[in-house]
Amino acid sequence: MLKLDRVSKVYKVGAFGGTELHAVGEASFEVLPGQIVALIGESGSGKSTIGRMILRLSPITSGTITFEGVDITTFRRRGLKEYYRRVQGVFQDPFSSFNPIFKVDRAFATVRGEFFPETSRAEFGGKLAAALESVALNPRDVLGKYPHQLSGGQLQRLLVARALLLDIRCLVADEIISMLDASTRVDVLNLLGDLRSRGLGIVFITHDLSLGHYISDQTVILRGGVVVEMGPTERVFAHPQHEYTRMLLASVPQLHARWGSADDHVVASP
């Protein structure tokens, strides 16, 4: 459904653009319907840049990204609008996606005006209610509210519901739970799992290995903009081949041990 073939991104930096910053170098992977692909790496590894290129928010420097066999760089105006009916993104800070002086309903009104101009208010209201209920939100609890009156988890679910209004086939989820508390994280992760069961392809961008392991089918490990390892999640985590992947896994805190315990080989000072 979605395929990246040797995609690179180079930024011109410096006072006169005389220096090149290689953010992504020849990244290749694909996303199938009903599959979650986790892009995992440290800050600056290029994972969010890849998400932005998939969403056409940042142009690629070289390589190709195809959606259902069509190069996405060929989309213009109507074609790009149709692309956004099928591919949408949800980002890290849900509060930044809503204007604090307007009720959250405005975000859905914008979708209606842009994509459903001929749909009656009643018909669109039915579609909206169905989208909200599909992400476990009661329309009466969230509509008519200002962003500050809702939790981060509710706002993230609203953003997913907004995407579902467009009958999307692929969702780019960029660090969407990093600002949520632990209990809400599981709810949002389980929501992504439910969307996968409906046939959506999901690009799950995270720096947290445990979250990627919990939810993804395929894992792509990035370092310095380069894919150093990828494959089925269980294999990557159980039998990592690259030393960087092994280092990342070794650095994950273990719930069965406390800092300073004997298992950590820490010797107390006299």
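Derivation of every value follows stated rules applied to the coordinates shown; laboratory data play no part. Here the structure is a predicted model, which is why all the values come from computation and not from measurement. Cβ: placed from backbone, ideal geometry, glycine included. Neighbour counts: every protein chain shown.
Has the stretch 94-104 got any residue that is in a loop (DSSP other than H, G, I, E, B), touching a Phe, Trp or Tyr at 6+ places or on another chain (Cβ under 6 Å) and surrounded by fewer than 19 Cβ atoms within 10 Å (Cβ to Cβ)? Yes, the conditions are met somewhere in the stretch 94-104.
For the stretch 70-80, taking the residues that are in contact (Cβ under 8 Å) with a residue 12 or more places away in the chain and farther than 17 Å from Gly201 by Cβ, the one that is surrounded by the most Cβ atoms within 10 Å (Cβ to Cβ) is identified as Phe75. The residue pairs whose first member lies in the stretch 131-143 and is among the charged types (D, E, K, R), whose second member is not in a helix (DSSP H, G or I), and whose beta carbons are closer than 9 Å, counting only pairs six or more residues apart or on different chains, are Asp141/Leu150. Here Leu21, Leu39 are screened, and the one residue that is under 17 Å from Cys170 (Cα atoms), of a type in the set (A, V, I, L, M) and out of contact with any Pro (no Cβ under 8 Å at 6 or more places or on another chain) is Leu39. Screening the stretch 126-199 for helices (runs of 4 or more DSSP H) wholly inside it with 3 or more residues that are within 17 Å of Gln92 (Cβ to Cβ) returns the ranges 152-164, 182-197.
Any idea which residue in the stretch 105-124 is surrounded by the fewest Cβ atoms within 10 Å (Cβ to Cβ), counting only those that are more than 24 Å from the chain's Cα centre (by Cα) and charged (D, E, K, R)?
The initial filter retains those residues of the stretch 105-124 that are more than 24 Å from the chain's Cα centre (by Cα), namely 113, 116-124.
Then drop every residue that is not charged (D, E, K, R), which leaves 118, 121, 123.
Details: Glu118: 5, Arg121: 8, Glu123: 12.
Filtering first and then ranking leaves Glu118.
If only one of Ile221, Ile205 is outside any helix (DSSP H, G or I), within 13 Å of the chain's Cα centre (by Cα) and not charged (D, E, K, R), which one is it? Break it down into steps so the answer makes sense when it comes.
Details: Ile221 fails: within 13 Å of the chain's Cα centre (by Cα).
Answer to the selection: Ile205.
For the stretch 12-21, the criterion of being part of a strand (DSSP E or B), within 24 Å of Thr245 (Cα to Cα) and hydrophobic (A, V, I, L, M, F, W, C) is satisfied by at least one residue. Pairs meeting the criteria (first residue in the stretch 44-69 and at positive phi, second residue surrounded by 22 or more Cβ atoms within 10 Å (Cβ to Cβ), beta carbons under 8 Å, at least 6 apart or on different chains) are Gly46/Lys9; Gly46/Val24; Gly46/Ala27; Gly46/Leu222; Gly46/Gly225; Gly63/Leu4; Gly63/Val7; Gly63/Ala27. Checking each residue in the stretch 41-65 for being of a type in the set (S, T, N, Q) and out of contact with any Asp or Glu (no Cβ under 9 Å at 6 or more places or on another chain) picks out Ser43, Ser45, Thr49, Ser58, Thr61. Residue-level analysis places Lys127 among those that are surrounded by 12 or more Cβ atoms within 10 Å (Cβ to Cβ) and more than 27 Å from Ala182 (Cα to Cα).
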